[in-house]
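To start, the structure under review is shown below, and the notes come after it.
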Amino acid sequence: MDLRAVGLLSPGDMGHVVGRVLVEKGLPVLTCLEGRSQRTRDLARQAGIQEVPSCAQLVREADLILSILVPAAARETAASVARTLQENGTQITYVDCNAIAPATARTIAKLFAPTGSSFVDAGIIGPPPKQEGLTRFYTSGPDTTTFELLNQYGLDIRVIGSQIGQASGFKMCYAALTKGFFALATELLVAAKRLDLYEPLVQEFQLSQTPRYDSMVKELPGNPPKAGRWIGEMEEIAHTFEALGLTPKIHLGAADIFRFVSQTPLATETPETRNTDRTLDQLIEILAAATEREE
């Protein structure tokens, strides 16, 4: 099967880089930017993604749609696309790449059953694919063959099962550790700063927790602009664990930490405008000061 074009919802921080990879490999990428910000429009243009005026045109011209959104928008966007497919009598492959619970993925899949379209569950592991080998799309579902064609266009698609929800569950378990660690590290470092214990704690981390501390130094300063997006992801992880009879409280707490960070001035930065020279020490000092103002 040859793909005419891929639809992308939406060309944000992750999506526009995914789109650019496909475009650079010769596959047209389309998007509908109705209601989107100027920044998103700029990212789409820079990536070579073509804008179409409506969702109806998107589903007519694309064979496959990638949904790459904040978790809170996944269901509403899917419902809109499903309605458009029914109204137009069109069939596509819809790939939900969002950080959602398995139960959420299964609920979204049901929206597409009346349309005759294929639904594919996917989870993205890694950063935006600016370099080969760093980003993987784990996928599951009864028929992932169309999505797997994107292996020919620069993406790394890996099938891990035949059931809707497996790929989402994989993403939930993975992000529970990675972003859960970011939340825990942020909280404990801010607490140490408030207790006037930051410097000795850092010194001990450098001695006995070197890999973990190096990860804090590398990752935490760039997280504030992402914190708002990660709130919903932590809540989806909590839903996943609760459905399995496990505690949801750990990652509801992580959501609270990201909510706190998202309410500081640092969160108004974007990946393009953030201060890339800001150190971990400076970040924690700013966040600690923000907790003092809340008292």
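The values are calculated or read from the model by the stated rules, or taken from the named source; none is laboratory data. This structure is a prediction, so every number in the text was calculated from the model and none was measured. Cβ placement follows ideal geometry from the backbone for every residue including glycine, while neighbour counts extend to all protein chains displayed.
Values computed for the structure shown
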{"quantity": "Whichever residue in segment 116-143 is among the charged types (D, E, K, R) and at pLDDT below 95 and, among such residues, is nearest to ALA79 (Cα to Cα)", "calculated": "LYS130"}
{"quantity": "Exclusive hit being in contact (Cβ under 8 Å) with a residue 60 or more places away in the chain, buried (at least 22 other Cβ atoms within 10 Å of the Cβ) and either assigned by TED's automatic domain parsing to the domain that holds LYS130 or not β-branched (Val, Ile, Thr) (or both), set LEU3, LEU22, LEU27", "calculated": "LEU22"}
{"quantity": "Filtered residues of segment 269-291 (kept if surrounded by 13 or more Cβ atoms within 10 Å (Cβ to Cβ) and assigned to a helix (DSSP H, G or I))", "calculated": "LEU280, ASP281, LEU283, ILE284, GLU285, ILE286, LEU287, ALA288, ALA289, ALA290, THR291"}
{"quantity": "Count - residues of segment 12-30 that are assigned to a helix (DSSP H, G or I) and either within 23 Å of GLY228 (Cβ to Cβ) or touching a Cys at 6+ places or on another chain (Cβ under 6 Å) (or both)", "calculated": "5"}
{"quantity": "Any hit, segment 114-133, residues being assigned by TED's automatic domain parsing to the domain that holds GLN91, more than 18 Å from the chain's Cα centre (by Cα) and in a strand (DSSP E or B)", "calculated": "yes"}
{"quantity": "All positions within segment 220-268 that are farther than 23 Å from LEU280 by Cα, of a type in the set (Asp, Glu) and under 19 Å from the mean Cα position of the chain (by Cα)", "calculated": "GLU233, GLU235, GLU236"}
{"quantity": "Residue match in segment 110-125 (condition: surrounded by fewer than 20 Cβ atoms within 10 Å (Cβ to Cβ), out of contact with any helix residue (DSSP H, G or I) (no Cβ under 7 Å at 6 or more places or on another chain) and on the phi > 0 side of the Ramachandran plot)", "calculated": "yes"}
{"quantity": "Restricting segment 46-75 to residues that are in a helix (DSSP H, G or I) and in contact with a strand residue (DSSP E or B) (Cβ under 8 Å, 6 or more places away or on another chain), the residue that is farthest from VAL23 (Cα to Cα)", "calculated": "ALA74"}
{"quantity": "Test: residue in segment 77-94 that is assigned to a loop (DSSP other than H, G, I, E, B) and crowded, with 19+ Cβ neighbours inside 10 Å", "calculated": "yes"}
{"quantity": "Those residues of segment 248-268 which are surrounded by fewer than 14 Cβ atoms within 10 Å (Cβ to Cβ) and outside any helix (DSSP H, G or I), in sequence order", "calculated": "GLN263"}
